[in-house]
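There's a structure below that I have some questions on.
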Amino acid sequence: MDRRGASLTALALILLVCNNAFLAHAYEAKSRPAVNIRKGLALGRTASYFAAAGGESFPPAPLMPIPNARQLKWERGELSMFLHFGINTFHDVEVGSGMEDPASFNPTELNATQWAEAAKHAGFQFVVIVAKHPDGFCNWPSKYTTHSVAASPFRGGKGDVVREVSDAAREVGIGFGLYLAPWDKHEPTYGNTRLYNEYYMGQLTEIMSEYGPVEYIFYDGAKEGGPEMQYHFDQIFALNHELQPTCSIFSDNGPDVRWVGNEAGWAGTTNWATIDRSKVPIGGGYTMPAYLASGEEGAPDWAPAECETTNRYNQWFWHTDGVVRTVPEMVAIYFATVGRNCHLCMNVPPDRRGLIPDEDLAQLRGFRATLDEIFDTDLSEGANVSASSVRGGGGNPDFAPRNVLDADPETYWATDDEVADGYVELELPEERKFNVIRLQEPIFLGQRIAAHTVDIWNGATESWETVVRETTIGNKRLHLIKPVSTKKVRLVILRSRACPLLSSIGLHYYKAETLPVVHRESMPLLGMRNLVQ
């Protein structure tokens, strides 16, 4: 064996030994009792309290399941803009009959670049166009039907809304997604399971093959009460990922993104990115809203939540009598979704001209301006950061408490493996006033934190006061509290499913100080789910 071969063999043996040692250590740590963090805090103990014998300097093992690359991109993207636009727009209905005349579809000023620019300027990372709604009218010239833009006067019968939106999204630098309704009230083969699934997968092949990268697709399982119709979702999803490997698939149960269980604009205050997909039938998620809103701790499938809602009260398509939500309501929805570990897919419907109306544009500008006002200033800047313990005794900067202030989602503070709780403390340069606390986990290593509090230091009484007592964190957790002025803030992790990791802490101020309540029943299930039966 030559010198290079001997070196490779030695390296392989070293890696094998390290791996076995790591597995043994992980197994041992699993059986150890958790340290009582509250007891440690009460006694004023410091990092040495949690120091592990022979502390780890290697990265923590992922806590399975973990997100794949497409899921991670979608979760971190936080915001997407749904564009409900089609023949329904011209008939003042939410769900068409399938018998509408294509000649009625004629948006004479359609400007997809305006749509994409509005999305980008408001901070949305993706646009999602309705390619086909259950009325069956196709916003692209599908070769499988004559019920499409090709039979309309739009662009002289040569128009293609899907193409214009996909081109505009790439032009402005945001992601492109689609909704292709399985339910089709126009197609004659609907009701014949074999023939219709072949038809549907033919249309899916068209839009997944001819419009460049598709980063997201929305599926629901809605169906008409009459025909006995089964959708072959296993085959559909397999074809989808074969044609677009980086495309995140949304449905009631994933596989990439799950429905949050409502269209009112909120996620559960406890929200795990994990569920057991086998418990949630596609098309039946409306029967188990509590499970979808909260996820399931320790479940086998990574399927983070998404909430789709609309910027106009109770309307997905544009209507002549539509009223836009207020900016504070939009911000409240952001806090109740993105701020609870949930992607927000906000619908903004273009009108009959093919333009987003001025009142909607003003709403989006106000929404973005408010979020920028809150989050552009981080009042934790310049803080001295300490922690109950640091992985490996603190010698490795990769796990240092300071990492929670570097605005890098790939870096984090970490403890040793046997630690299941702990705290991170910020000491600010001076007293600062804030009312928004932002917390983020490095979810690429799994979702861990199951219970936490936030404490502030009361200088007058020289004691800690708890201002937040909550459960999960995930990709992002936002706490809006009464304004406080303090020099010290502490995140206390009461329970973690594995050694706790924290990527970011931020302190911010929202001048309005209060948000409207997002009512659980403020938005009916207009997205076909109420029409399943």
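The values are calculated or read from the model by the stated rules, or taken from the named source; none is laboratory data. All values reported here derive from a predicted model rather than from experimental measurement. Cβ atoms come from the backbone with ideal geometry, glycine included; neighbour counts cover every protein chain shown.
For Glu427, work out the one condition from (1) modelled with pLDDT under 95; (2) at negative phi it doesn't fulfil.
All conditions are met except number (1).
Considering only residues of the stretch 288-319 that are among the hydroxyl-bearing types (Ser, Thr, Tyr) and modelled with pLDDT of 95 or more, which is farthest from Gly123 (Cα to Cα)?
Tyr291
Let me ask you something else. In the stretch 295-333, what residues are in contact with an Asp or Glu (Cβ under 8 Å, 6 or more places away or on another chain) and either under 18 Å from Asp276 (Cα atoms) or in a helix (DSSP H, G or I) (or both)?
Scanning the stretch 295-333 gives Glu296, Ala299, Pro300, Asp301, Ala303, Pro304.
OK, next. Could you run through the stretch 109-149 and say how many residues are farther than 23 Å from Lys73 by Cα and hydrophobic (A, V, I, L, M, F, W, C)?
6
Additional query: Can you find, within the stretch 288-317, the residue that is nearest to Ile437 (Cα to Cα) among those that are surrounded by 18 or more Cβ atoms within 10 Å (Cβ to Cβ) and out of contact with any strand residue (DSSP E or B) (no Cβ under 8 Å at 6 or more places or on another chain)?
By that ranking, first place goes to Ser294.
Residue-wise test of (1) in a loop (DSSP other than H, G, I, E, B); (2) among the hydroxyl-bearing types (Ser, Thr, Tyr); (3) within 23 Å of the chain's Cα centre (by Cα).
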residue	(1), (2), (3)
Phe176	no, no, yes
Lys185	yes, no, no
Tyr199	no, yes, no
Ile207	no, no, no
Ala222	yes, no, yes
Glu228	yes, no, no
Tyr231	yes, yes, no
